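The values are calculated or read from the model by the stated rules, or taken from the named source; none is laboratory data. Not measured: the values here are computed from a predicted model. Cβ sites come from the backbone with ideal geometry, for glycine too, and all protein chains shown count toward neighbours. These area figures cover heavy atoms from the full protein model, side chains too; ligands, DNA and RNA do not enter into them. Shrake-Rupley method; radii C 1.70, N 1.55, O 1.52, S 1.80 Å.
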Amino acid sequence: HPNAVRSQIWIAICVYLMVAIVKKQHGIKESLSRILQVLSVNVFSKEPLDQLLVTTHTRNETITICNQLSFNDF
């Protein structure tokens with residue numbers, strides 16, 4: 001079990017470093033966390049990374065909750 005945990009940690013570090021290198025080499029302005037989020041959702045997608053970042057909406061700036069429950073008419 002300790003080897004499995006070490007393997008997962010090393011894999012996470014390697015993925016983080018690879019994404020950081022790609023970000024720097026291609027001059028991507030997005031944050032590492034957003035790039036990792038987009039990649040995690042689109043693991044098997046064949047679209048280029050820059051296209052994924054444009055088409056994937058991960059920011060929740062204009063969330064409207066239309067199904068909120070009202071509590072005693074408040």
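Here the Karplus curve 6.51 cos²θ - 1.76 cosθ + 1.60, taken at θ = phi - 60°, turns the phi angles of segment 35-43 into couplings of 4, 5, 5, 4, 5, 5, 7, 10, 4 Hz, with x standing for Gly and Pro. Phi-derived couplings, Karplus 6.51 cos²θ - 1.76 cosθ + 1.60 at θ = phi - 60°, listed residue by residue for segment 7-23: 4, 5, 5, 5, 5, 4, 5, 4, 5, 4, 5, 5, 5, 5, 5, 4, 4 Hz, with x used for Gly and Pro. Using R₀ = 22 Å, calculate the FRET efficiency as 1/(1 + (r/R₀)^6) where r is the Cβ-Cβ separation of VAL54 and TRP10; round to 0.05. The pair VAL54/TRP10 has a calculated efficiency of 0.10. The mean accessible area for residues of segment 1-52, using a 1.4 Å probe and ignoring ligands and nucleic acids, is 83 Å² per residue.
Here the extension length gained between HIS1 and ALA20 equals 3.9 nm, from 0.36 nm per residue of separation less the Cα-Cα distance.
How big is the shadow of the Cα convex hull of segment 1-53, averaged over all directions, in nm²?
Values: hull surface 16.2 nm².
With the hull built on Cα positions only, its mean projection is 4.1 nm².
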